[in-house]
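This report refers to the structure that appears directly beneath it.
The values are calculated or read from the model by the stated rules, or taken from the named source; none is laboratory data. Because the structure is predicted, anything quoted here is derived from the model rather than measured. Don't worry about glycine lacking a Cβ; one is built from the backbone with ideal geometry, like all the others, and counts go over all protein chains shown. The area values use the complete protein model at the heavy-atom level, side chains included, leaving out ligands, DNA and RNA. Shrake-Rupley method; radii C 1.70, N 1.55, O 1.52, S 1.80 Å.
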Amino acid sequence: MYFPRISGRMIHGDAVDDEWLAVWLLREATREYDELIVSVRDSDGEFLLAEAAMHIPHWITPENSEHRVYIYRNQLHIVPLSAGSENIGINDALAAVMDSGVFTLASAPAAAAAFSRLDE
């Protein structure tokens, strides 16, 4: 299955608050548009995982985290290993997030930690 997508790039330099403003805007967009799935990365990779590091599943490593972390319907989702290979492709990952038979919703502590800067 193929999912249409759009990507963008933001150069924020040292203005980390601008990066978090973009996350807030994109997260709000997922609240408004039910089918919208958002992935956000920076030069270090999946920075929402870094924010939630103490609360994410132990199997997630930098090597297998690509295409596993999404914001969907205002919630943090982590695609489990059971949804595909260790290095899952983007289409398989998006299908897993949308599939109600695949549990991708992150734990409440992981989501709270990942989005904690949005509350500041």
May I ask for the angle, rounded to the nearest 10°, between helix 16-32 and the longest principal axis of the chain, with both axes built from Cα atoms and the value confined to 0 to 90°?
50 degrees
Can you tell me the mean projection area, over all orientations, of the convex hull of segment 3-92's alpha carbons? Units nm², please.
6.2 nm²
Two-site label geometry, ARG73 and TYR2: point separation in nm, points 7 Å out along Cα→Cβ
2.7 nm
Express in nm, to one decimal, how much length is gained between ALA112 and SER82 on full extension, taking 0.36 nm for each residue of separation and deducting their alpha carbon distance.
8.4 nm
Carbon + sulfur, % of accessible area of the chain - ligands and nucleic acids excluded, 1.4 Å:
53 percent
Ranked by GNM mean-square fluctuation in the chain (Cα springs under 10 Å), the top entry among VAL79, VAL16, VAL38 is VAL16
Leaving out ligands and nucleic acids, and using a 1.4 Å probe, what accessible area per residue does the chain come to in Å²?
63 Å²
